[in-house]
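Asker: Take this structure first; my questions come after.
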Amino acid sequence: MKISCIGAGYVGCVTGTAFAALGYRTTIIDINSQRIDALINGRSPIYEPGLDILIKKTIGNTLYADYSYNYVSNSDVIFIAVGTPSTNGGNVDLSYVEIAAKNIGENLNPFGFTVIVNKSTVPVGTADLVTTIIEETSGLKNGKQFAVVSNPEFLREGYALEDVFLPDRIVVGSNSEKASQIMKKLYSKIVTREGFNTFSDVITLNRKCHPSLPRYYETDVKSSEMIKYASNAFLAVKISYINEVARLSDALGANALDVARGMGMDSRIGEKFLEVSSGWSGSCFPKDTSEFLLTSQQENCELSIVASAIKSNKEMHDYCISKAVRSLGTLNNRTIGILGLTFKPNTDDARNTQASYIIEMLLKNGATVKVHDPQGAEMFKSLNGHLDIEYCSDPLDVFTEAEAVMLLTHWSEYLYIHWEDAFKRMHNPYFLDTRNYLKDIGLSDIGFYYEGIGVPSHKQSVTTSAASLIKI
Ligand code: NAD
Ligand code: UGA
């Protein structure tokens, strides 16, 4: 079976490389020549642990990369993995999917049967839209020469290879029996883990953590499209819930980490996605919750819980700022250091991160801001040119003359900062750890005034509404 993958981003690169590693001849196609050049030269165009090694191993053997859609006509399966960002109004922008569908239609093989797979996160009805575009541009017939199926992607950045090779479930929505059979065959190696030993050395698969085989779940196209949004929104709600519990823990003197642990022991609740943070962010949850909510409102069926999670998440960002305000008295003329610009560690993805909102608020309130991130600084800078901040290449430099330092992303390398040196550099040693990541390394013993979120500290808890402390 031959595969094309349209889009060489976080999903396309990982999906394409994974199928190539499983032995399928796979061509990744992108209009971004820098990304294709990187692939051709055996490099990953994105930072994702393990991906570089797997690309090096497969490129030129089973993996290929191309600027044009020529290879589409040779493919049995074509994945659409292009971006689906938000429009200014908060709905999904499907223009990249539409252009990809048109280009596929113009290059489709009229003599075979091709399965076109919507892997991008797209709203209910998009498979129908893609079908119409392909019929119009190719003159071919849905169900005869091609079929469009939905196969949403559930990978997390930073763990993408693990999630693609060892997923909990694979969801395929199809209204064509022939396409369903092809999809089942394509995924059979992942479902059975057949042949995994040949590359497990390079992707450090910890199968002990994944004892059960993935579930292969077939449904109709619309339900499959909905599963993706419903899942992301549910996860966002779960995080917002524990973050609200953390705020209440701060007020009452409980320990949110213990609360989360105690809750997670109930298998109905589960321990995952109960980590307290400054709020969820990134290239997926904000746009997907926004699209899901707007669609529900347009259908007069508002998902009020999703609306509340979105509101609660912004309040969580504000709450972190209010903690710093409570400690410093004011942000005006204060120097604040920020550790971490990406929405989570192990990725260079700085799209839509909580750091951009929090830094903007700090600047609006008169602070001077210095920042560091091990992988995401370049992308953050290119997306946030309006923020007048100092980028530091050494994390220690954000501490110099600072009145407060906030850790937003729990990069493991922050565990190894020379903390005595960091302490000496600060004007006022206030440290806000929004991930409770450094709670056990004795920062208070060095002299820092260390605060986490939802965990007791030696100063009075923050109960004042965030909005009353800062200019929103
Ligand atoms: P991305 O922005 O990293 O990559 C998209 C790529 O598509 C870009 O390289 C772009 O140049 C390319 N592209 C756009 N239009 C094209 C066209 N007409 N032809 C060829 N290439 C084109 O995006 P991503 O993060 O990989 O996300 C892709 C989709 O997958 C989105 O719908 C996203 O919601 C979904 N998703 C993302 C993740 C994630 O963790 N990033 C996880 C699951 C699902
Ligand atoms: C998320 C989903 O987890 C994936 O299943 C999905 O495929 C993807 O979105 C997508 O659709 O694009 P991702 O955005 O890579 O994956 O990152 P997550 O690990 O889910 O984290 C999202 C945000 O929530 C981050 O800011 C993270 O720090 C935060 N988070 C996560 C918490 O604050 N607490 C947690 O317990 C977990």
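Asker: Determine the gain in length on full extension of the stretch GLU390-SER444; use 0.36 nm per residue of separation and subtract their C-alpha separation, reporting nm with one decimal. Could the numbers behind the result be given before it?
Answerer: Numbers: separation 54, 0.36 × 54 = 19.44 nm, distance 2.69 nm.
Gain in length upon complete extension: 16.7 nm.
Asker: Hey, another quick one. What is the log10 of I(q)/I(0) for segment 2-219, computed with the Debye formula using one identical point scatterer on each Cα and no solvent, at q = 0.07 Å⁻¹?
Answerer: Cα-only, vacuum Debye calculation for segment 2-219: -0.19.
Asker: Helix 177-192 versus the longest principal axis of the chain: what is the Cα-based angle in degrees, 0 to 90, to the nearest 10?
Answerer: The two axes meet at around 50 degrees.
Asker: Follow-up. Could you provide, to the nearest whole Å², the per residue accessible area of the chain with probe 1.4 Å? Don't skip to the end; give the middle numbers.
Answerer: Working: 20500 Å² over 472 residues.
Ligands and nucleic acids excluded, the result is 43 Å² per residue.
Asker: Given an 8 Å cut-off on Cα distances and at least 6 residues of separation, report the relative contact order of segment 285-469 as a percent. Can you show the working numbers first?
Answerer: Values: 303 pairs, mean separation 37.2, N = 185.
Normalised by residue count, the contact order of segment 285-469 is 20 percent.
Asker: In addition: If all Cα-Cα distances of segment 285-469 are sorted into 10 Å bins from 0 onward, what percent lands in each bin, rounded to whole numbers?
Answerer: Percent of Cα pairs in each bin: 9, 36, 35, 15, 4, 1.
Asker: Also, I was wondering about something else. Given a 1.4 angstrom probe, I'd like the percentage of the accessible area of the chain that is carbon and sulfur, rounded to a whole number. Before the final figure, lay out the partial values.
Answerer: Values: 10280 of 20500 Å².
Using a 1.4 Å probe with all protein chains present, the chain comes out at 50 percent carbon and sulfur.
Asker: Alpha carbon centre of segment 336-376 versus segment 404-427: separation in Å?
Answerer: 14 Å
Asker: Next question, about the same structure. Would you mind working out the magnitude of the charge dipole of the chain relative to its Cα centre, with +1 at each Lys and Arg C-beta and -1 at each Asp and Glu C-beta, to the nearest 20 Debye?
Answerer: Taking the Cα centre of the chain as origin, the dipole is about 780 debye.
Asker: When only DSSP loop residues count, what chymotrypsin sites (Phe, Trp or Tyr not before Pro) in segment 110-193 have their Cβ near at most 14 other Cβ atoms within 10 Å?
Answerer: Numbers: sites: PHE111, PHE113, PHE146, PHE154, TYR159, PHE165, TYR187; in loops: PHE111, PHE113, PHE154, TYR159.
Counting only loop positions with at most 14 other Cβ atoms within 10 Å, the chymotrypsin sites (Phe, Trp or Tyr not before Pro) in segment 110-193 are PHE111.
Asker: Just from the alpha-carbon atoms, what are the Rg and Dmax of the chain in angstroms?
Answerer: So, for the chain, Rg and Dmax equal 23.6, 73 Å respectively.
Asker: Which residues' amide hydrogens lie under 5 Å from the amide hydrogen of TYR449, considering only partners 5 or more residues apart or on another chain, with H built in the peptide plane?
Answerer: Result for TYR449 returns TYR430, PHE431.
Asker: Let me ask something else. I want the antiparallel fraction of DSSP beta bridges within segment 2-219, as a percent rounded to 5. Kindly include the intermediate steps, with their values, before the conclusion.
Answerer: Numbers: 2 of 31 bridges.
Antiparallel: roughly 5 percent of the beta bridges in segment 2-219.
Asker: Angle, helix 354-364 long axis vs. longest principal axis of the chain, Cα atoms, 0 to 90°, nearest 10?
Answerer: Between helix and principal axis, roughly 40 degrees.
Asker: Please compute the contact order of segment 2-219 in relative form: average sequence separation of alpha-carbon pairs under 8 Å and at least six residues apart, divided by the residue count, as a percent. Display every interim value, and only then the final one.
Answerer: Working: 397 pairs, mean separation 40.2, N = 218.
Relative contact order comes out at 18 percent.
Asker: What relative contact order, as a whole-number percentage, does the chain give when Cα pairs under 8 Å and 6 or more residues apart are counted?
Answerer: Values: 932 pairs, mean separation 56.0, N = 472.
Relative contact order of the chain: 12 percent.
Asker: Apply the a/c threshold of 1.5 to the C-alpha gyration tensor of segment 210-310 and tell me whether it is rounded, prolate or oblate.
Answerer: On the way: a/c = 2.53, a/b = 1.33, b/c = 1.89.
Oblate is the answer for segment 210-310, as a/c is 1.5 or above yet b/c matches or exceeds a/b.
Asker: Quick one: angle between helix 285-298 and the longest Cα principal axis of the chain, in degrees between 0 and 90, rounded to 10, please.
Answerer: The helix 285-298 is inclined about 70 degrees to the chain.
Asker: Longer than 25 Å from Cα to Cα, which of LYS238/LYS323; LYS102/LYS144; LYS57/LYS102 are they? Say none if no pair is. Please report the intermediate quantities before stating the final value.
Answerer: Values: LYS238/LYS323 23 Å; LYS102/LYS144 18 Å; LYS57/LYS102 32 Å.
Over 25 Å apart, Cα to Cα: LYS57/LYS102.
The values are calculated or read from the model by the stated rules, or taken from the named source; none is laboratory data. In this text, all values refer to a predicted model and were calculated from it rather than measured experimentally. A quick note on method: Cβ atoms are made from the backbone with ideal geometry, for glycine too, and the neighbour counts reach across all protein chains shown. Ligands, DNA and RNA are excluded from the accessible area calculation, which covers all protein heavy atoms including side chains. Shrake-Rupley method; radii C 1.70, N 1.55, O 1.52, S 1.80 Å.
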